[in-house]
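Just below is one structure, and these are the notes that go with it.
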Amino acid sequence: MPDYIPREGNKFYEWAQTFAAQADDKATRLNIDADAIAALKAKLGDFLDAWAEYQKPDRGKSTTTAKNTAMFVLKKAVRAFYGQFLKGNPALSAADRDDFGLPQLDATRSPIPPPGNQATAKHRPLGDHLLELDIEIIGDILPDAKASDYGFRVYWGILPQGGASVEAATGPKRELMKAPAGGEELPFSRFTRRKREVFDFAESDRGKTVSFCIRLENAKGQAGPWGTVFSTIIP
């Protein structure tokens with residue numbers, strides 16, 4: 001299924017309100033927990049407040065950061081809500097999906113070959129310790145027309161100034177001792193089908209260098225060639 005959350009801010013503003021209203025309206029029939037709806041609506045309220053401030057002509061950098069942070073928190077809450085109460089819910093009809101603003105499910109299955117393209121990304125800060133990757137497929141040949149069967153495996157690792165100690169490199173955070181020469185040297189990975197992916201780092205990692213490398217991956221977990229490693233500073 002393609003990503004169901006709109007990327008563009010104005011569209012997300014309208015969509016998020018519709019999603020929350022439909023969850024409230026259909027809660028009993030879809031067996032949605034009232035506390036979960038209240039928590040979702042609270043995050044929606046925070047986003048709407050931040051959005052209203054962002055619309056003012058005299059807005060500053062802090063206002064933009066607050067809006068981006070509230071949007072990120074709300075999107076994360078929506079995905080968790082969808083996964084817990086809507087995904088796989090037998091009571092969720094095709095008409096319900098339209099009401100929520102969700103795409104219809106495609107039950108057609110077809111063999112998907114291993115991807116042959118590399119992938120990379122542009123990056124931009126969204127706020128304190130928040131980075132967004134805008135993922136791109138390299139080359140003129142797209143992996144397959146059925147793009148939802150492909151995703152991206154994003155690898156990353158954090159390099160502190162001067163390199164990590166042995167203890168830090170072998171501990172839970174697995175920090176890097178030197179700049180990575182290739183994606184194989186990055187200790188963490190995340191799979192996503194979204195072309196925009198947000199990373200929320202720890203406050204203690206601000207100012208450190210984070211390196212990324214991306215590979216296309218199909219539904220069977222077969223990966224394409226490694227992309228080029230790129231790095232930036234955690235804001």
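Quick rundown of the values:
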quantity: Criterion (closer than 26 Å to Gly221 by Cα, surrounded by fewer than 17 Cβ atoms within 10 Å (Cβ to Cβ) and either among the β-branched types (Val, Ile, Thr) or touching a strand residue (DSSP E or B) at 6+ places or on another chain (Cβ under 8 Å) (or both)) met by exactly one of Lys122, Lys87; calculated: Lys122
quantity: Residues being part of a loop (DSSP other than H, G, I, E, B), open to solvent by less than 50 Å² (accessible area, probe 1.4 Å) and out of contact with any Pro (no Cβ under 7 Å at 6 or more places or on another chain) - total across region 203-224; calculated: 1
quantity: Enumeration of residues in region 159-172 that are within 28 Å of the chain's Cα centre (by Cα) and open to solvent by 90 Å² or more (accessible area, probe 1.4 Å); calculated: Gln161, Thr170, Pro172
quantity: Selection from region 18-44 of residues that are farther than 14 Å from Asp98 by Cα, without any contact (Cβ under 8 Å) to a residue 40 or more places away in the chain and open to solvent by less than 80 Å² (accessible area, probe 1.4 Å); calculated: Asp24, Ala27, Ala34, Ile37, Ala38, Ala39, Ala42, Lys43, Leu44
quantity: Unique match (being assigned to a loop (DSSP other than H, G, I, E, B), hydroxyl-bearing (Ser, Thr, Tyr) and either modelled with pLDDT of 90 or more or open to solvent by less than 70 Å² (accessible area, probe 1.4 Å) (or both)) among Ser148, Ser62, Ser110; calculated: Ser110
quantity: Criterion (exposed (fewer than 13 other Cβ atoms within 10 Å of the Cβ) and of a type in the set (Lys, Arg)) met by exactly one of Lys178, Lys195; calculated: Lys178
quantity: Residue match in region 188-204 (condition: β-branched (Val, Ile, Thr) and either touching a helix residue (DSSP H, G or I) at 6+ places or on another chain (Cβ under 6 Å) or under 21 Å from Thr65 (Cα atoms) (or both)); calculated: yes
quantity: Options Phe72, Phe81: the member that is under 18 Å from Thr18 (Cβ atoms), of a type in the set (Phe, Trp, Tyr), under 17 Å from the mean Cα position of the chain (by Cα) and part of a helix (DSSP H, G or I); calculated: Phe81
quantity: Which numbered condition Asp134 misses (of (1) closer than 21 Å to Arg7 by Cα; (2) in contact with a Leu (Cβ under 9 Å, 6 or more places away or on another chain)); calculated: (2)
quantity: Residue match in region 88-101 (condition: at pLDDT below 90 and either part of a loop (DSSP other than H, G, I, E, B) or of a type outside the set (Asp, Glu) (or both)); calculated: yes
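Rundown of residues vs (1) at pLDDT below 85; (2) on the phi < 0 side of the Ramachandran plot; (3) touching a helix residue (DSSP H, G or I) at 6+ places or on another chain (Cβ under 8 Å), yes/no style:
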position	(1), (2), (3)
Pro114	yes, yes, no
Arg124	no, yes, no
Ile138	no, yes, no
Ile158	no, yes, yes
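The values are calculated or read from the model by the stated rules, or taken from the named source; none is laboratory data. These numbers were taken from a predicted model, which means no experiment stands behind them. Cβ: placed from backbone, ideal geometry, glycine included. Neighbour counts: every protein chain shown. Quick note on the areas: whole protein, heavy atoms, side chains included, nothing else; ligands and nucleic acids left out. Shrake-Rupley method; radii C 1.70, N 1.55, O 1.52, S 1.80 Å.
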